[in-house]
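Okay, so here's the structure we're looking at.
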Amino acid sequence: MSFAERKLAILILAAGQGTRMKSRTAKVLHPIAGRPMLDYPLSAAEALEPDRVVVVVGRDAEAVRQCFDGRAEFVLQEQQRGTGHAVLSARDALAGFSGDVLILYGDTPLLSSGTLRAMVERRRDTGADLMILTAEVDVPGIVVRDADGGVARVVEAPDATPDELAIVERNTGVYLLNSEWLWKTLSQVGDDNEQGEIYLTDIVELSIREGGRIEALELDDPDEAFGINTRAQLAEAAAVMRRRKLDQLMADGVSIVDPTATWVDVDVVVGRDTLIEPGCVIQGDSRIGDGVHLKPGCMIETGCEIADDVEMGPNAHLRPGTRLGKGVRIGNYVEVKNSVLGDGVKADHLTYIGDADIGAGASFGAGSIVVNYDGIAKHRSRIAEGVFVGCNSNLIAPIELERNSFVAAGSTISKSVPADALAVARARQKNVEGWSARRREAALAAESKAGKGPRKT
């Protein structure tokens, strides 16, 4: 087998306790822009089409396995004794594997598949025994290069000279090396340190000592090396990911008025000539067509679909399972949940539509509500094309309003309405002449009798 044809295994270390997150949830399951943290390095690994993907798990191991079932092999690090120990936990799983091993981290989500591919290509071009990824980041491993630009050594900051401390290039801890070299060097790493742990970083010094050739690939974008240990760092990584997503959308023809005030998850799809105004949040795998106008403050939850030329907002809310047809208009303070709205449906303000199938051209007046919940179960309604629902009306599900029927304002409808019929369900108005004047006179008389004197008006 030629060097270029060597097999590739990717090992992702995701067993850490994440104590600084102070969470009941494993660190690698915390969401970033719509995906669990571990999904990002795993997706970057999958993009390289490796022969093996192995994830080392520890805390909440079963929850991590369930979340990513079928996408990787999992091995358990029962005791967390450092990164080197985590790699050794995967040795049995990789027994018999002969090829290159790329070591990544479950809490480094910004690393791109392009960078990983560049590492693989550089190693195959140079034949280096060990390839390390470096960046201008604030971590302790200082990369000292020789006169030819090769890696001479990696020095920990506490042991560095003043000249070495001035070096900005640092070791990120991402390594690529052949399996034989990995197990050879790692077997020599001891745990004679204050923490009693086995550090993966020691393989760099051992590789140099063994006369191995070390090559380094420096990141153009230091953000890619960003690791997450705290909630604050989680928020920073999410901000980077959202910005990348918005840049990609704008490059593809989407207008975003203020990227700093717009949140779009990474799996959202948005069509050309769509305009997104400030304060909008679009989650999960929602899909938005061409020419859509999202006014300020719109919230679109995961799993929603919006066809072309829809106008939505301000301050409208789509909940999961909602589909809006072409040219739909959803106005301010309208909420739609698990409903399908046909082309041209209008609900301009103060309306709730839940668990309903709405035909093309139907219209909802202000304050109209599809009452879908009876306190125990949700019920579905069918509202055909051309139906008009007047203001302040309640439609008690399950119910059917047939084509071109009309619901009078202020009605509470609990029975189906035939096509072309007018449904009125409200008390008949009665005006009692002089009632207000008599009420005032009675109140004044009561006060006078009680000795309070006349009321000031």
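The values are calculated or read from the model by the stated rules, or taken from the named source; none is laboratory data. The shown structure was predicted, so the numbers you read here are calculated from the model rather than taken from an experiment. When we count neighbours, we look across all protein chains shown, and the Cβ atoms used for this are built from the backbone with ideal geometry, even at glycine.
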With respect to ILE282, determine if the residue is of a type in the set (Val, Ile, Thr), within 21 Å of PRO36 (Cβ to Cβ) and buried (at least 17 other Cβ atoms within 10 Å of the Cβ). yes
The range 167-185: number of residues that are buried (at least 19 other Cβ atoms within 10 Å of the Cβ) and among the aliphatic types (A, V, I, L, M): 4
Would you confirm, using the coordinates I've provided, whether THR108 is hydroxyl-bearing (Ser, Thr, Tyr), touching an Asp or Glu at 6+ places or on another chain (Cβ under 7 Å), in the same structural domain as GLU210 (by TED's automatic domain parsing) and crowded, with 19+ Cβ neighbours inside 10 Å? no
Condition check: more than 27 Å from GLN283 (Cα to Cα) and free of Cβ contacts under 8 Å to residues at least 60 places away in the same chain. Does SER368 satisfy that? no
Which members of the range 332-359 meet the condition of being under 13 Å from PHE388 (Cβ atoms) and either hydrophobic (A, V, I, L, M, F, W, C) or free of Cβ contacts under 8 Å to residues at least 12 places away in the same chain (or both)? VAL345, ALA347, ILE358
Can you tell me which condition ASP348 does not meet? The list is (1) over 27 Å from PRO320 (Cβ atoms); (2) touching a Gly at 6+ places or on another chain (Cβ under 6 Å), and all the others hold. (1)
Scan the range 149-166 for residues that are without any contact (Cβ under 8 Å) to a residue 60 or more places away in the chain, within 22 Å of THR115 (Cα to Cα) and surrounded by 13 or more Cβ atoms within 10 Å (Cβ to Cβ) and jot them down. VAL154
Does ALA63 count as part of a helix (DSSP H, G or I), modelled with pLDDT of 95 or more, farther than 27 Å from GLY114 by Cβ and among the hydrophobic types (A, V, I, L, M, F, W, C)? yes
Out of curiosity, is GLN248 within 19 Å of the chain's Cα centre (by Cα), outside the structural domain of ALA316 (by TED's automatic domain parsing), over 25 Å from MET21 (Cβ atoms) and modelled with pLDDT of 95 or more? yes
Subset of the range 1-56 (residues that are of a type in the set (Gly, Ala, Ser) and closer than 12 Å to GLY106 by Cα): ALA14, ALA15, GLY16, GLY18, ALA26, SER43, ALA44, ALA45
Name the single residue that is surrounded by the most Cβ atoms within 10 Å (Cβ to Cβ) among those in the range 69-101 being in a loop (DSSP other than H, G, I, E, B) and of a type in the set (A, V, I, L, M, F, W, C). ALA90
From the list ASP273, ASP247, which one is within 24 Å of GLU224 (Cα to Cα), out of contact with any Phe, Trp or Tyr (no Cβ under 7 Å at 6 or more places or on another chain) and of a type in the set (Asp, Glu)? ASP247
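ASN193: without any contact (Cβ under 8 Å) to a residue 60 or more places away in the chain and assigned to a strand (DSSP E or B), yes or no?
In short, no.
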